[in-house]
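Below you'll find the structure, written out as structure tokens, and then a few comments.
Derivation of every value follows stated rules applied to the coordinates shown; laboratory data play no part. Please read these numbers as outputs of a predicted model, since none were measured by experiment.
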Amino acid sequence: MLVIDRYLEDYATGEVRRTLGRTITETDVVLHAGQTGDFFPHHMDENWCVNEAGLAGRIAHGTLVIAIAVGMTAGDVNPQAMSYGYDRIRFVKPVFLGDTITVEAEITTIADHPRRSELGRVDEQVRVTNQHGEVVLSLVHLYVVNKRGEGG
């Protein structure tokens, strides 16, 4: 893991980060079900998915896909920034067990913090795609970032 100090002034709109792929496994889904208590048949019952719901198979929890996707973009630690939350989360297509996802994060907004002059905000548009290049998840990741300050 790399530690990089990046202040608000170091970001540029349009900057893009891309990850390598990550395959969603049976273990991922079972562990997430146990952690969250979400044992809905969409995630746990292959027969129900195919024969009752008309799905191609079991699907990963949306919250699992968010967690993995955000984690995939967190390879660098920036002690000058902190996650502020997520907006406009959309589960565009299901992620099936065995699908491989990749993540692209593009900086779309850089702004001053509305109440604290020493801080700013950076918004990243995050797009998660499957192995077919189809968008499966879209969200905006919000960060609060320190400004460099006087003489920095």
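Overview of values
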read-out	value
Extension gain from GLU106 to HIS42, taking 0.36 nm per residue of separation minus the Cα-Cα distance	19.9 nm
Helix 62-72 axis, angle to the chain major axis (alpha carbon atoms, nearest 10°)	50
Whole-Å semi-axes of the ellipsoid equivalent to the range 2-146 (Cα gyration tensor, √5λ, descending)	33, 14, 13
Amide H contacts of LEU97 (H built 1.01 Å from N, under 5 Å, at least 5 apart or other chain)	ARG58, ALA60
Rel. contact order, % - alpha carbon contacts under 8 angstrom, at least six apart, the range 1-75	30
